[in-house]
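Undergrad: So that we are looking at the same thing, I have put the structure below in structure tokens.
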Amino acid sequence: MPLLECRSLSRHFAGLRALDGVDLEVYPGEILGIIGPNGAGKTTLFNVICGVLRPTAGEVLLEGRPIHGLRPSQIAQLGIGRTFQISRVFKAMTARENVLMALGRGAYRSAWAALTRRPGPAERRRAEELLEKVGLLPYADQPAGELSLGLQRRLELARALAPSPRILMLDEPVAGLTRGEAETFIALIRHLHREGLTVLLIEHNLHVTMQLSQRLVVLSHGRKIAEGTPAEVRANPAVIAAYLGDDEEVAG
Ligand SMILES: Nc1ncnc2c1ncn2[C@@H]1O[C@H](COP(=O)(O)OP(=O)(O)O)[C@@H](O)[C@H]1O
Ligand SMILES: [Mg+2]
């Protein structure tokens, strides 16, 4: 059984079909890459899965149970974590405080409550574990806004891992990073995957996606136009056509 499934999923914005009848299965333990030109509907797909947007039509199922219509916080607690295309760390807070706040989110009703409570020793230990996991322990007490973009992305990853998700959705996690930062981040994704995490990866950089993913789904104008192994997708004429005119070629 797929861990996560989208059935005929659509999301329209005033006549624009950002997602248009997409069927998608994510199997336990895989890294599934979602690719497609800019505006294809990739981020909209994530927003619908994690409950930020309601679908116009269709269903999202987690282990066979419908989750569309639930609030983002409820969906997060069911085990779906995500990072955002535009980083959402709290820049004035330290790295440690950012992670503590993410840990508090599950237990407290509001961001304010999570911010103003005093974390206990178990939670502080867990925060250090998460910082350690992403290699940020040496930067724990620095304001997030003073960290490099590569480190901020890793902090965002630590926050996404706070509720111990089973599925992690990453939206263009290496965009804007230096080559070295991107390599570190990719190694981190591989490590989390080996530990058993199922990963849904949006990445505009086809080289990175093809390298990491066992399977790819290709979106174009809100529709799924291809699906398969990286080799199958690379050879698919519909995919090549969708990328023509885009600023990037179907890289090997
Ligand atoms: N909140 C929104 N309101 C109106 N249009 C939107 C909104 N979000 C996305 N879109 C449009 O939906 C389409 C798909 O966008 P998006 O999912 O961000 O694509 P991608 O992530 O693949 O680049 C684009 O044409 C975009 O302009
Ligand atoms: Mg996007």
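Please treat every number below as a calculation from the coordinates, not as lab data. The structure displayed is predicted, hence computed values, not measured ones. Reconstructed Cβ throughout: ideal geometry from the backbone, glycine too, with neighbour counts over all protein chains shown.
Undergrad: Listed highest first by mean packing, meaning other Cβ atoms within 10 Å per residue, what order do 148-158, 51-61 come in?
TA: Result, highest mean first: 148-158, 51-61.
Undergrad: Let me ask you something else. For the chain, count the residues as N, evaluate 2.2 N^0.38 Å, and divide the Cα radius of gyration by that value, please.
TA: Dividing the Cα Rg of the chain by 2.2 N^0.38 Å gives 1.01.
Undergrad: Of GLY120, PRO72, GLN85, which is farthest towards the positive pole of the chain's charge dipole, taken about the Cα centre with +1 and -1 on the beta-carbons of Lys, Arg and Asp, Glu respectively?
TA: Toward the positive end, the furthest listed residue is GLY120.
Undergrad: Continuing with this model, one more query. Neighbouring Cβ atoms within 10 Å as the yardstick, rank HIS12, HIS68 fewest first. Let's see the in-between values first.
TA: Details: HIS12 15, HIS68 20.
The order, fewest Cβ neighbours first, is HIS12, HIS68.
Undergrad: By average Cβ neighbour count within 10 Å, what is the ranking of 233-240, 36-43 from highest down?
TA: So the order, starting with the most tightly packed, is 36-43, 233-240.
Undergrad: Sticking with this one: Can you put MET93, MET210 in order, fewest other beta carbons within 10 Å first?
TA: Lowest to highest Cβ neighbour count: MET93, MET210.
Undergrad: Which residue, GLY21, LEU157, VAL174, has the largest displacement toward the positive end of the dipole of the chain when charges sit on each Cβ (Lys, Arg +1; Asp, Glu -1)?
TA: My answer, from the dipole projection, is LEU157.
Undergrad: Mind listing the long-range amide H neighbours of LEU201? Cut-off is under 5 Å, sequence gap 5 or more, other chains count too, H placed in the peptide plane at 1.01 Å from N.
TA: LEU32, GLY33, ILE34, LEU170
Undergrad: In addition: What relative contact order, as a whole-number percentage, does the chain give when Cα pairs under 8 Å and 6 or more residues apart are counted?
TA: Reported relative contact order: 27 percent.
Undergrad: Nothing charged except the Cβ atoms of Lys and Arg (+1) and of Asp and Glu (-1): what's the magnitude of the dipole of the chain about its Cα centre? Round to the nearest 20 debye.
TA: 1000
Undergrad: Arranged by the count of other C-beta atoms within 10 angstrom, fewest first, what order do CYS50, CYS6 take?
TA: Lowest to highest Cβ neighbour count: CYS50, CYS6.
Undergrad: While we're on this one: What are the lysines whose alpha-carbon lies under 25 Å from the alpha-carbon of LYS42, with same-chain residues fewer than 8 places away excluded?
TA: Output for LYS42: LYS224.
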